[in-house]
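These notes are about the structure you will find just below.
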Amino acid sequence: MPGEWELLGRLALTLVLSAVVGLEREYRQKSAGLRTHTLVGLGAALFSLAGAYGFAGEGGGFPRDPSRVAAQVVTGIGFIGGGLIFVRQDAVRGLTTAAGVWVTAAIGLAAAAGQGVLAIAGTVAYFVVAFVFPLIMLRLPSPRSAVRVLQVTYLDGRGILREAIARCTAAGFAVSDITTRRLDSATEGHSGTVTVRLALQGTGSVEALTSGLASVEGVLAASTEADESE
């Protein structure tokens with residue numbers, strides 16, 4: 001049986017890797033971010049360590065079967081993943097975030113089992129999927145039904161939302177969904193900050209549209225990404 005310090009090291013590795021994955025989701029402002037992914041990874045690791053080393057083996061009164069605990073973690077994590085998936089206007093959203101939670105649990109299991117290299121490789125593979133795959137997807141022929149998400153953060157009260165919608169239409173896109181979120185309230189001398197997410201369908205250049213919006217006075221940031229239902 002590994003010593004306590006080795007088990008703590010496995011738990012610490014899980015903490016770091018899970019937090020790294022969570023930071024990517026937090027950066028993209030997803031519903032399950034840094035804290036959720038970190039806790040999922042830690043929970044999976046703790047269940048695995050407790051199942052593998054927390055009970056006496058044969059002769060101690062308790063049979064020990066680590067694989068049974070791991071299987072239950074894989075099944076149980078579906079409860080959290082299912083809660084992250086929802087349907088809005090006939091579009092399924094949250095699949096990528098739910099899959100990320102599932103992968104984080106797998107990373108925790110691997111780290112808890114002493115497979116540190118495998119856990120690190122899984123984390124690297126996650127970031128390849130998260131950052132490299134979207135670049136590949138941008139180079140694929142885009143069907144007219146494909147949905148892209150344009151996110152714009154701007155100062156409120158300057159008509160920027162109307163300007164953004166008008167530019168989207170002029171660029172050849174139809175806006176299928178609009179979601180706004182106020183980051184801070186207006187105060188004296190400050191008009192407040194708002195983030196809007198526009199779901200776009202069309203064959204125009206999203207990159208050119210994003211670049212044009214970023215140059216509009218009052219726009220603090222503009223970015224694009226594939227729709228979360230991918």
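A search for C-beta distances below 7 Å between a residue of the range 212-223 that is in the same structural domain as LEU198 (by TED's automatic domain parsing) and under 11 Å from VAL152 (Cα atoms) and any residue that is among the basic types (Lys, Arg) and assigned to a loop (DSSP other than H, G, I, E, B), counting only pairs 6+ apart in sequence or on different chains, returns GLY218/ARG158.
This table checks each residue for (1) touching a helix residue (DSSP H, G or I) at 6+ places or on another chain (Cβ under 8 Å); (2) at pLDDT below 85.
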{"residue": "VAL20", "(1), (2)": "yes, no"}
{"residue": "LEU23", "(1), (2)": "yes, no"}
{"residue": "LEU46", "(1), (2)": "yes, yes"}
{"residue": "GLY51", "(1), (2)": "yes, yes"}
{"residue": "ALA56", "(1), (2)": "no, yes"}
{"residue": "ASP65", "(1), (2)": "yes, yes"}
{"residue": "GLN72", "(1), (2)": "yes, yes"}
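Among the residues of the range 93-139, those that are more than 30 Å from GLY3 (Cα to Cα) and exposed (fewer than 15 other Cβ atoms within 10 Å of the Cβ) comprise PHE127, VAL128, VAL129, PHE131, VAL132, PHE133, PRO134, LEU135, ILE136, MET137, LEU138, ARG139.
The values are calculated or read from the model by the stated rules, or taken from the named source; none is laboratory data. As the structure is a computational prediction, the values presented were derived from the model and not from experiment. Every residue, glycine as well, gets a Cβ built from its backbone with ideal geometry; the counts of neighbours run over all protein chains shown.
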